[in-house]
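**Student:** Have a look at the structure that comes next, please.
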Amino acid sequence: MTARPVAPEVPVLETRAVSKSYYGAPAVIDLSVTVLRGETLAIIGPNGAGKSTYFGLIAGEHATGGGGSILFNGVDITHWSAHRRAQAGMSRTFQVARLFTSRRVIECLQIAAAAKRNGHRSCLRDFRRFATGDQDHIERIMAGLGLAGLEDVRAGNLAQGDRKRLELAMAMVQRPALLLLDEPTAGMSTEDCLLTVDTLKGIQRADPDLTIVMTGHDMDVLFAVARRIVLMAEGRQVMDGTPEEVGSSQIARKVYLGDEHV
């Protein structure tokens, strides 16, 4: 699937009154968010706020079921599969890295590139042939994410920080218009968290048109990288503002952040 040209003023992502319930219990309630091209948005909130469910709705992991619509580059994708969304230009990472653990690092990246180019059904068959045209791009991504020299290491043998970087690299080789990062520093050491912040800032500088939506619990990371914060609680949006606005808000402190983020 080839992405059609999109006017700069068209939001990359819109969710309009999106809702989701599980067994009658609401998880996301009438959530409307618009994300413009080049924005980096962090979705935060206490446990049970609904942010992971909302993230899954954007990615196509969960069906809405409770009403509302989701638009990507102006196209209604509410009922699209996760695979179709990926083909259209969404890439995502997960809280627990999902890798081909028996494959070498370079093979994981070739598979990811082949999946975007030719679809998941063919990406595990002749993936090297499908990814041939992406090799230079793959090497640039590896260098930029600190994976150079690890090409022949099996993914399952990587340290936690390198696993997360590999998953991010697999998302980036797909040349996304929208990058979805679920807990990008989960399980990382303090040193790896700092490296990840530097890496994400480097990605922002290298591709200012890339739109990023991220979620997590590490406020230091999210506030360092995001330029806009949506705070959720009990399935609803509580605040939408800059990191400075949210960090200094009495409402945000009460709901989630704590006085140390004043």
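The values are calculated or read from the model by the stated rules, or taken from the named source; none is laboratory data. Keep in mind that what you see is a predicted model, and the values were worked out from it rather than measured. All Cβ positions, glycine included, derive from the backbone under ideal geometry; neighbour counts span all protein chains shown. For accessibility, only protein heavy atoms count, side chains too; no ligands or nucleic acids. Shrake-Rupley method; radii C 1.70, N 1.55, O 1.52, S 1.80 Å.
**Student:** What residue, of 200, 179, 166, is open to solvent by less than 10 Å² (accessible area, probe 1.4 Å) and either in a strand (DSSP E or B) or among the small types (Gly, Ala, Ser) (or both)?
**Tutor:** 179 is the lone residue from the list that is open to solvent by less than 10 Å² (accessible area, probe 1.4 Å) and either in a strand (DSSP E or B) or among the small types (Gly, Ala, Ser) (or both).
**Student:** Specify which of the listed residues (55, 72) is touching a Phe, Trp or Tyr at 6+ places or on another chain (Cβ under 9 Å) and among the aromatic types (Phe, Trp, Tyr).
**Tutor:** Exactly one of 55, 72 is touching a Phe, Trp or Tyr at 6+ places or on another chain (Cβ under 9 Å) and among the aromatic types (Phe, Trp, Tyr), namely 72.
**Student:** Considering only the stretch 1-80, give the strands (runs of 3 or more DSSP E) lying wholly within it that have at least 3 residues that are over 30 Å from residue 114 (Cα atoms) and open to solvent by 20 Å² or more (accessible area, probe 1.4 Å).
**Tutor:** 13-22, 25-35
**Student:** Here is a follow-up. So how many residues does the stretch 17-29 have that are over 9 Å from residue 66 (Cβ atoms) and out of contact with any Asp or Glu (no Cβ under 9 Å at 6 or more places or on another chain)?
**Tutor:** So the answer is 4.
**Student:** Which one is modelled with the lowest pLDDT, of the residues in the stretch 86-100 that are under 18 Å from residue 187 (Cβ atoms) and in contact with a strand residue (DSSP E or B) (Cβ under 7 Å, 6 or more places away or on another chain)?
**Tutor:** Checked the stretch 86-100; the qualifying residue modelled with the lowest pLDDT is 95.
**Student:** Still on this structure, please answer the following. Return the residues of the stretch 81-106 that are within 22 Å of residue 20 (Cα to Cα) and assigned to a helix (DSSP H, G or I); say none if nothing qualifies.
**Tutor:** Once the filter is applied, which keeps residues that are within 22 Å of residue 20 (Cα to Cα) and assigned to a helix (DSSP H, G or I), the stretch 81-106 yields 82, 83, 84, 85, 86.
**Student:** Next question. Take the residues in the stretch 122-139 that are surrounded by 14 or more Cβ atoms within 10 Å (Cβ to Cβ) and either small (Gly, Ala, Ser) or at pLDDT 80 or above (or both), then tell me which one is farthest from residue 110 (Cα to Cα).
**Tutor:** The qualifying residue farthest from residue 110 (Cα to Cα) is 122.
**Student:** Right, something else. Going by the conditions given, is residue 32 farther than 26 Å from residue 185 by Cβ and either β-branched (Val, Ile, Thr) or touching a residue at least 24 places away in the same chain (Cβ under 8 Å) (or both)?
**Tutor:** So residue 32 passes the test.
**Student:** Within the stretch 213-230, which residues are modelled with pLDDT of 95 or more and out of contact with any Pro (no Cβ under 9 Å at 6 or more places or on another chain)?
**Tutor:** 213, 230 - these are the residues of the stretch 213-230 that are modelled with pLDDT of 95 or more and out of contact with any Pro (no Cβ under 9 Å at 6 or more places or on another chain).
**Student:** Sticking with this one: Go over the candidates 82, 88 one by one and state the one that is out of contact with any Ser or Thr (no Cβ under 7 Å at 6 or more places or on another chain) and either of a type in the set (Lys, Arg) or within 23 Å of residue 165 (Cβ to Cβ) (or both).
**Tutor:** One residue alone meets the criteria, 82.
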